[in-house]
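Working notes, beginning with the structure itself.
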Amino acid sequence: MTEGHHLIIITGANRGFGESVAKTYLESSEASALSYVLVGRNQEGLQKVLDTLKQIGASTNVTVKGLVVANVDLADTHKLDANLTRIQEAAKQLRDESIQSKNIITKSILVNNAGSLGDLSKTAKEFTWQETRKYLDFNIVSFVGLCSTFLQDTLAAFPKDRYPEHKTVVISVSSLLAVQPFSNWGLYAAGKAARDRFLGVIALEEKGNNVKTLNYAPGPLDNEMQADVRATLGDKEQLEIYDGMHKAGSLVKMDDSSRKLVLLLKKDEFESGGHVDFYDL
Ligand SMILES: NC(=O)c1ccc[n+]([C@@H]2O[C@H](COP(=O)([O-])OP(=O)(O)OC[C@H]3O[C@@H](n4cnc5c(N)ncnc54)[C@H](OP(=O)(O)O)[C@@H]3O)[C@@H](O)[C@H]2O)c1
C-alpha cells in the first residue's frame, strides 16, 4: 500500500548514487506523493533527473513535485550561507504547497550524498593543510550546515505536539572507510568517520522529536567515482582488488544498493545513528 507525502532533499542528485536514490525512492518507497529538492552544481543534469522522476511518477500513480537548486558548489564556503538559504527556500516552497493542496508532508528526508575522494595517490604525511581544509569544507562543513538548517526548519515546521505522525530522517552516504582504515584514504576516511559520528550525536539529541539518522555505506559501486579510485589509488594491493572486482563484474550496481537503502528506510527498523553497510543487508 502506498501512503504518505515525503519531502526528500538529495545532494549530488544529477548523477551517480544520488540520481539512483532519487529514482529508486520513487519506485520502492511507501510514498504516494513525493516532493524533491535536487541539489548540485549541474543545472542541466539535475533538471533532466527531475523531468525523468515526473515521467516515472505519472506512469506509477505517484504524485511527483520538485525543485532544482543548481550551481551549488558545496566546497565553496564563501557561498555556503547563500546556497543553504536557496535550499531552505525550495524546501519551504514545497512544504507550503503541500499544506495548500491538503496533502501535507508526513516524512522529511535529507540525503547527504555528494562527496569527494581527496587525493588517493597520497599518504597522510603528504597532505597539505590547504587541501585538507578544502576537503573538510566540502565533506564536513557543508554537511553540518545542511544537517543543521534542515533540522531547524523541519522541526519548526512540524512540531511534535501538532504533527505527532511526522517523521524526519537524516542520511549520510557513508563508506566502509568510516569504520575501517585503509592506506591512502586519510581524508576520505576521516571525513566519513566524522559524518557518522555527527549523525550519531543527532540521533541522541533529537530522539524525542521523531528524528532518526542513518549512515549507509553503499558498497563499492560500479560508477565514475570507482573508476576514479582505480585511476588514482596509490596502494597496489587495494588496486588489484578493485581491478579484479571491476573485471569480474562484481562491483555493486547502484540501483541494487539504493534499493536496499530505500527498503531499509521503508521498514524503519534500523537503529538511529548507526552505520549500515550494503553487505549487512
Ligand atoms: N562510488 C563508490 O564506490 C562509493 C562507495 C562508498 C561510498 N560512496 C559515496 O557515495 C556518495 C556518492 O558518490 P558517487 O559514487 O555517486 O560519486 P560520483 O559519481 O562521483 O558523484 C558525486 C556527486 O557529488 C557531486 N559533487 C562533487 N563535488 C561537488 C561539489 N563541490 N559541490 C556539490 N556537489 C558535488 C557530483 O556533482 P558533479 O556532477 O557536479 O560533479 C555528483 O553528483 C559519495 O558520498 C561517496 O563518498 C561511493
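Here is how the numbers come out for the structure above:
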quantity	calculated
Subset of region 86-113 that is within 16 Å of the ligand (Cβ to nearest atom) and not in a strand (DSSP E or B) - its residue that is surrounded by the most Cβ atoms within 10 Å (Cβ to Cβ)	113
Top-ranked residue of region 161-197 - restricted to ones that are farther than 30 Å from residue 125 by Cα and among the hydroxyl-bearing types (Ser, Thr, Tyr), ranked as farthest from the ligand (Cβ to nearest atom)	163
Residue identified as without any contact (Cβ under 8 Å) to a residue 60 or more places away in the chain, more than 10 Å from the ligand (Cβ to nearest atom) and charged (D, E, K, R) among 30, 44	44
Hits in region 234-256 (condition: more than 24 Å from the chain's Cα centre (by Cα) and within 12 Å of the ligand (Cβ to nearest atom))	245, 246
Some residue of region 26-38 being in a helix (DSSP H, G or I) and over 22 Å from residue 150 (Cβ atoms)	yes
Search result, residues across region 1-25 that are more than 15 Å from residue 94 (Cβ to Cβ) and either surrounded by fewer than 23 Cβ atoms within 10 Å (Cβ to Cβ) or away from the ligand (no atom under 16 Å from the Cβ) (or both)	1, 2, 3, 15, 16, 23, 24
Hits in region 71-82 (condition: within 24 Å of residue 23 (Cα to Cα) and buried (at least 18 other Cβ atoms within 10 Å of the Cβ))	72, 74
Region 52-74: number of residues that are within 24 Å of residue 85 (Cα to Cα) and charged (D, E, K, R)	2
Residue check, residue 151 away from the ligand (no atom under 16 Å from the Cβ), within 23 Å of residue 217 (Cβ to Cβ), modelled with pLDDT of 95 or more and not acidic (Asp, Glu)	yes
Residues that are farther than 21 Å from residue 154 by Cβ and part of a helix (DSSP H, G or I), drawn from region 1-25	16, 17, 19, 20, 23, 24
Restricting region 243-281 to residues that are surrounded by 14 or more Cβ atoms within 10 Å (Cβ to Cβ) and polar (S, T, N, Q), the residue that is nearest to residue 168 (Cα to Cα)	272
Among the candidates 50, 80, residue that is under 17 Å from the mean Cα position of the chain (by Cα) and not in a loop (DSSP other than H, G, I, E, B)	50
Cβ pairs under 6 Å, 6+ apart, first in region 90-115 and more than 19 Å from residue 165 (Cα to Cα), second part of a loop (DSSP other than H, G, I, E, B)	113/12; 114/12; 114/74
Index of the failed condition, residue 154 passing every other in (1) under 26 Å from residue 29 (Cα atoms); (2) surrounded by fewer than 18 Cβ atoms within 10 Å (Cβ to Cβ); (3) among the polar types (S, T, N, Q)	(2)
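The values are calculated or read from the model by the stated rules, or taken from the named source; none is laboratory data. Small disclaimer: the values here were computed from a predicted structure and weren't measured. All Cβ positions, even for glycine, are placed from backbone atoms using ideal geometry, and neighbour counts span all protein chains on display.
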